[in-house]
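The values are calculated or read from the model by the stated rules, or taken from the named source; none is laboratory data. Because the structure is predicted, anything quoted here is derived from the model rather than measured. Backbone-built Cβ (ideal geometry, glycine too); neighbour counts: all protein chains shown. Just so you know, the surface numbers come from the protein's heavy atoms only, side chains and all, with ligands and any DNA or RNA stripped out. Shrake-Rupley method; radii C 1.70, N 1.55, O 1.52, S 1.80 Å.
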Amino acid sequence: MAKRKLVAGNWKMNPPTLGKAEALARAVVEATRGDAAVDVLVIPPAPFLGAVGAALHGSAVALGAQNLHPDRGGAYTGEVAGSMLHDLGVRYVLCGHSERRQLFGESPALVGAKVAAAHRDRLVPILCVGETLDERDQGVTDTVVLGQLEQGLAGLDTAVIAETVIAYEPVWAIGTGRNATPEQAQAVHRVIRDWLRRQVGDLADELRVLYGGSVKPANAAELMAEPDIDGALVGGASLEAAGFGAIVRAAG
Ligand code: PEP
């Protein structure tokens, strides 16, 4: 069976109210209805997960979370465990988004612990990797990305690695309006795929490697036409349902 593309909308800390989040979820369901060939996912802020999950109920749109704590419970004020997310109907969880790494100081080891915890709690982790502009200019993109992959997937069995989603998100393209060109993105996706093949053999072809960084309706089709780009992780453009629907159609 051909691998299905996945288009995920990371709402980040938006929208500001529950009512707007529910309305956006309902609008996404409408805007993506009928796109049966593509897996669609929305990733709202944690306090809205329950209500957005209810708004998605009965639709093909899946629910994701933006973060989790590696432990199952304990004295971690403000944190959320994977088992709690799972019980809310969450299926996917972002791990190591560059905003978490840069703004909240998440170390590669912590990101790896989160990926492992997600698998333990029956969530599909979306491991985000990507270089800064400085690192690209220094010519160390591949080294940085493969280092993040290695640490993010450390200690996992082959079969578990194969059930992970990877998102290549060049930091310089996130929220800047400046996307990687399809050729730039494909070159890194190929490096990622080759590395995965060394870890899991032919299962590397089943793994989904998403591109993220200023994906919008105008550039989605050309990015996702590249052979190693299996979908998109969309930030800003996922807050507008019609545009997000257009990106999903571009993936199909
Ligand atoms: C993101 O937050 O993962 C992202 C890719 O954001 P944007 O699409 O806004 O660049």
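Looking at region 143-164 only, could you name the residues that are at negative phi and open to solvent by 70 Å² or more (accessible area, probe 1.4 Å)? Correct list: T143, E150, Q151, D157, E163. Against the conditions (1) touching a residue at least 12 places away in the same chain (Cβ under 8 Å); (2) closer than 21 Å to N179 by Cα, G147 satisfies every one except (2).
Of the residues A65, A36, the single one that is aliphatic (A, V, I, L, M) and either touching a helix residue (DSSP H, G or I) at 6+ places or on another chain (Cβ under 8 Å) or surrounded by 21 or more Cβ atoms within 10 Å (Cβ to Cβ) (or both) is A65.
Quick one: is R136 open to solvent by 10 Å² or more (accessible area, probe 1.4 Å), away from the ligand (no atom under 14 Å from the Cβ), under 20 Å from G235 (Cβ atoms) and free of Cβ contacts under 8 Å to residues at least 40 places away in the same chain? In short, yes. Identify, from the list A218, A237, the residue that is in a helix (DSSP H, G or I), under 25 Å from A25 (Cβ atoms), open to solvent by 10 Å² or more (accessible area, probe 1.4 Å) and within 11 Å of the ligand (Cβ to nearest atom). From the options A218, A237, the qualifying one is A237.
Looking only at residues of region 85-110 that are part of a loop (DSSP other than H, G, I, E, B) and within 16 Å of the ligand (Cβ to nearest atom), we find that the one that is most open to solvent (accessible area, probe 1.4 Å) is F104.
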